[in-house]
């Protein structure tokens with residue numbers, strides 16, 4: 001109950017225009033929602049220029065997201081929980097996504113496989129997000145561990161700002 005109250009206070013501060021600190025999981029989930037919106041917009045547009053712009057945003061956001069998870073969140077998760085299976089699966093999923101991102105970045109909307117690559121990336125990311133956010137998944141286990149999620153959130157946000165142009 002106290003946690004909900006603290007979240008509500010942070011949210012109300014945010015609505016008044018102040019910067020809100022997010023814990024690590026809130027920050028990572030926020031990234032997930034943003035990329036989901038861009039994938040949805042990509043699927044709905046017919047404009048090659050808009051597709052290219054959206055794919056570039058998606059690829060950059062996912063590149064930064066995977067970097068901050070791998071550099072900061074995943075090592076902290078592994079140290080706190082010793083959950084090697086969950087950690088290793090997430091790392092392998094990241095590797096697959098990075099390979100597909102590299103293919104998308106080398107091509108453009110004139111490529112016959114461009115839309116298919118973005119669609120498959122979307123499906124990979126949906127699966128990955130579902131695994132991280134599910135009951136008993138990485139985020140739930142992190143919440144129940146001794147991880148300092150507020151401190152990690154600050155570290156993730158700082159690193160994210162460094163990596164974003």
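The table below lists the values:
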| read-out | value |
| --- | --- |
| Selected residue (criterion: farthest from residue 131 (Cα to Cα)) from residues of the stretch 72-86 that are under 15 Å from the mean Cα position of the chain (by Cα) and in contact (Cβ under 8 Å) with a residue 40 or more places away in the chain | 72 |
| Any hit, the stretch 74-96, residues being over 30 Å from residue 146 (Cβ atoms) and in a helix (DSSP H, G or I) | yes |
| Close pairs from the stretch 12-34: first within 21 Å of residue 57 (Cα to Cα), partner at pLDDT below 95, Cβ under 8 Å, at least 6 apart | 30/22 |
| Filter pass, residue 63 being closer than 22 Å to residue 152 by Cβ, part of a helix (DSSP H, G or I) and either modelled with pLDDT of 95 or more or touching a strand residue (DSSP E or B) at 6+ places or on another chain (Cβ under 9 Å) (or both) | yes |
| Lone qualifier among 155, 140 - being outside any loop (DSSP other than H, G, I, E, B) and without any contact (Cβ under 8 Å) to a residue 12 or more places away in the chain | 140 |
| Unmet requirement for residue 150, which otherwise passes all of (1) over 30 Å from residue 107 (Cβ atoms); (2) without any contact (Cβ under 8 Å) to a residue 24 or more places away in the chain; (3) part of a helix (DSSP H, G or I) | (2) |
| Residue check for residue 145: surrounded by 14 or more Cβ atoms within 10 Å (Cβ to Cβ), modelled with pLDDT of 95 or more and not in a helix (DSSP H, G or I) | yes |
| Some residue of the stretch 118-140 being farther than 28 Å from residue 102 by Cα and surrounded by 13 or more Cβ atoms within 10 Å (Cβ to Cβ) | yes |
| Residue 119 under 17 Å from residue 27 (Cβ atoms), in contact (Cβ under 8 Å) with a residue 24 or more places away in the chain and assigned to a helix (DSSP H, G or I) | no |
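The values are calculated or read from the model by the stated rules, or taken from the named source; none is laboratory data. Not measured: the values here are computed from a predicted model. Virtual Cβ from ideal backbone geometry, glycine too; neighbours counted across all protein chains shown.
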